[in-house]
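Student: Take this structure first; my questions come after.
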């Protein structure tokens, strides 16, 4: 991909069959050759959606970036502010992987 500007989705998968979130984002992406490929923000202004997005990033920042043509890429999301802004980097390797999490209460 040379350049992309528009809307797409960040999908957060709990496992190979369960997508827990599909978040619409506005994105400006550059060449996939650089480490930092994109900057964007959540389309929704809903504070609960922003909080959920930050929670997912804290649990595991690897999302599947999905475009309207159903092409996709594994990316790591780096939230930059509480207002839903973020940067993306390419995640080398397969889109799906085994991850183990423990929630502290």
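FYI, it's all coordinate maths here, none of it is from the lab. Computed from a predicted model, the values in this text were never measured in an experiment. Positions of Cβ are generated from backbone atoms using ideal geometry, with glycine treated the same way; all protein chains shown enter the neighbour counts.
Student: Kirkwood hydrodynamic radius, the range 4-90, all distinct C-alpha pairs: what's the number in Å?
Tutor: It works out to 12.8 Å.
Student: How far apart, in nm, are the 7 Å Cα→Cβ label points at residue 15 and residue 58?
Tutor: 2.5
Student: How much length is gained on full extension from residue 43 to residue 72, taking 0.36 nm per residue of separation minus their Cα-Cα distance? Numbers along the way, then the final one.
Tutor: Details: separation 29, 0.36 × 29 = 10.44 nm, distance 1.88 nm.
Length gained between residue 43 and residue 72: 8.6 nm.
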